[in-house]
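What follows is a single structure, written as structure tokens, with notes after it.
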Amino acid sequence: MTIPYGRQSIDENDIEAVVEVLRGDWLTIGPKVAEFERAVAERAGTADATVVNSGTSALHAAYAAARVTRGDEVITTPLTFVATAATAMAEGATVTFADIEPDTGNLDPDHVAALISDRTAVVAAVDYAGHPADLDRLLAIAHGSGALLLEDAAHAIGSTAQGRPVGSIADLTAFSFFPTKNMTSGEGGAVSSPDPALVERARRFRSHGMVRDRAEQRYPDEGPWHQEVQSLGLNYRLPDVLCALGINQIARLDEFKRKRTAVFERYREGLSDLDLLTLPARHSDVDPMWHLYPVRVADGQRRRVFDMLRENGVLVQVNYIPVYWHPVFEDLGYRRGECPVAEQYYREEISLPMYADLTPSDQDRVIELLHTALA
């Protein structure tokens with residue numbers, strides 16, 4: 001029997017919520033969209049949020065809301081999925097990579113401060129594994145140069161920093177609801193912001209830039225059918241049927257957090273005696289919703305341990321290949337060696353199974369295998 005590195009938690013109430021929508025009148029943009037948006041905003045600690053059809057779409061809509069355009073620079077981390085950079089490039093920006101903190105894997109504010117310039121439109125931090133980045137320092141650095149802070153919180157809905165929910169701190173926050181994340185709507189994502197105007201820009205972008213409010217239209221007397229595209233956008237809408245699942249899942253977020261925290265602590269207790277293993281750090285001023293359990297294996301042993309775990313049915317993963325190592329970035333002139341801390345982190349990292357319904361016996365199997373490999 002295999003143990004995946006991540007897995008959704010679906011109960012009968014989730015299934016019933018989806019079936020209820022399937023039996024109703026709305027499958028696409030209906031009342032469940034607005035209900036889900038209210039639930040996300042409440043969890044993010046903001047007045048408004050907009051939902052989209054993926055975490056990648058959330059990032060793209062957030063960059064569009066920030067009005068990133070050709071000639072702008074975006075500073076971000078290489079220790080992330082490629083979408084954090086690719087969606088900025090889709091809006092015409094040049095991406096500059098800053099290095100990471102060696103303990104958390106998060107964007108290093110000191111390196112950002114050394115790189116930022118008057119060309120920088122956005123600093124994009126990633127809450128790696130669910131641990132919030134140093135958001136207050138990054139905000140000060142970004143705002144000091146006239147830039148915005150975008151928080152890629154694909155791993156971190158449910159996390160808090162200094163008692164404040166992720167989603168309420170950065171200028172824009174992008175969430176992901178992919179099945180392996182902290183909660184799911186199947187596919188899906190969301191954008192939140194303390195500034196309702198930024199949320200509304202993201203909402204318009206996710207619906208082709210369409211304006212239906214007559215008070216905001218340039219030609220409001222055209223007819224009752226009239227709708228205008230005043231800025232370009234895309235179809236990134238999340239349908240009612242998936243919002244129904246998301247509404248039920250976000251109501252279970254505290255349950256998921258308790259379970260993931262228990263998994264985190266069991267790993268810490270079971271693996272802390274292995275000298276070749278570095279366990280994930282947690283700063284005292286944050287309360288993470290752990291999406292990943294990233295360990296680092298010293299002395300060049302990562303590949304051997306990775307293969308051994310996989311051969312024994314533990315489907316570990318590596319998060320992430322440094323973004324600029326991908327051939328598409330190499331072809332654009334990026335070169336290895338730009339962020340040595342991130343590259344060393346990647347060379348050592350393995351993501352152990354981490355999900356709410358991971359059983360103690362399965363987790364003990366992972367711990368035992370690591371002891372066999374490294375003791």
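Since every read-out is calculated from the coordinates, none of them should be taken as a lab result. Quick caveat: nothing in here was measured; it's all calculated off a predicted structure. Note that we place each Cβ from the backbone using ideal geometry, even for glycine, and neighbour counts take in every protein chain shown.
Under the convention that each Lys and Arg Cβ holds +1 and each Asp and Glu Cβ holds -1, the size of the dipole of the stretch 253-374 around its Cα centre is about 100 debye. One chain, two ends: Arg212 and Val229. Fully extended at 0.36 nm per residue, the span grows by 5.2 nm beyond their Cα-Cα distance. Our coupling estimate for the stretch 30-35, obtained by passing each phi through the Karplus curve with A = 6.51, B = -1.76, C = 1.60 and θ = phi - 60°, is x, x, 5, 5, 5, 5 Hz, Gly and Pro reported as x. For the pair the stretch 29-99 / the stretch 299-369, the C-alpha centres are spaced 25 Å from each other.
Mean residue ellipticity at 222 nm, helices only, the chain: -11000 deg cm²/dmol; runs of at least 4 DSSP H residues each add -39,500 (n - 2.57), and the sum is divided by the number of residues. Over all other residues within a Cβ to Cβ distance under 12 Å of Gly6, the charged ones net out to +2, with Lys and Arg as +1 and Asp and Glu as -1. Toward the positive end of the charge dipole of the chain, with +1 on the Cβ of Lys and Arg and -1 on the Cβ of Asp and Glu, the farthest Cα among Ala244, Pro196, Ile141 is that of Ala244. Each residue of the stretch 64-80 was assigned a 3J(HN,Hα) from its phi angle through the Karplus curve 6.51 cos²θ - 1.76 cosθ + 1.60 (θ = phi - 60°); the sequence is 5, 5, 6, 6, 5, 8, 4, x, 7, 10, 10, 9, 8, 8, x, 8, 6 Hz, with glycine and proline shown as x. Selection among Thr160, Val123, Thr87 by position relative to the dipole of the stretch 75-204 gives Thr87 as farthest towards the positive end (Cβ unit charges, Cα centre). Taking other residues whose beta carbon is less than 10 angstrom from the beta carbon of Tyr63, and scoring Lys, Arg as +1 and Asp, Glu as -1, yields -1.
Positive contributions from Lys and Arg (+1) and negative ones from Asp and Glu (-1), summed over other residues with Cβ under 9 Å from the Cβ of Ala356, come out at +4.
For the stretch 203-299, trypsin sites (Lys or Arg not before Pro) are listed when DSSP marks them as loop and at most 12 other Cβ atoms sit within 10 Å of their Cβ; the list is Arg212, Arg218. Which shape class applies to the chain: rounded if a/c is under 1.5, otherwise prolate when a/b exceeds b/c and oblate if not, where a ≥ b ≥ c are the square roots of the Cα gyration tensor eigenvalues? Taking the square roots of the gyration eigenvalues as a ≥ b ≥ c, the chain is oblate. In a simple Cβ point-charge model (Lys, Arg +1; Asp, Glu -1; nothing else charged), the chain has a dipole of about 420 debye relative to its Cα centre. When the Gaussian network model of the chain links Cα atoms closer than 10 Å, the mean-square fluctuations of Ala58, Ala281, Ala83 top out at Ala281. With Cα atoms as the point set, the radius of gyration and Dmax of the stretch 165-280 evaluate to 20.7, 73 Å. In the elastic network of the chain, a GNM with C-alpha springs shorter than 10 Å, the most mobile of His226, His155, His143 is His226. The string of couplings for the stretch 194-208 from the Karplus curve (6.51, -1.76, 1.60, θ = phi - 60°) is x, 9, x, 5, 5, 4, 5, 5, 5, 4, 5, 4, 6, 10, 6 Hz, one whole number per residue in order, with x for Gly and Pro. Once backbone amide H atoms are built at 1.01 Å from N, Leu315 has Ile3, Tyr5 as its partners under 5 Å, excluding neighbours fewer than 5 places away on the same chain. Taking a straight line from the alpha carbon of Lys259, these aspartates and glutamates sit under 16 Å away, with near neighbours fewer than eight places off in the same chain left out: Asp11, Glu269, Asp287, Asp357, Asp362, Asp364.
How about the stretch 35-94: which trypsin sites (Lys or Arg not before Pro) there lie in a loop by DSSP and see at most 11 other Cβ atoms within 10 Å? Let's see the in-between values first.
Details: sites: Arg38, Arg43, Arg67, Arg70; in loops: Arg67, Arg70.
Filter output for the stretch 35-94: Arg70.
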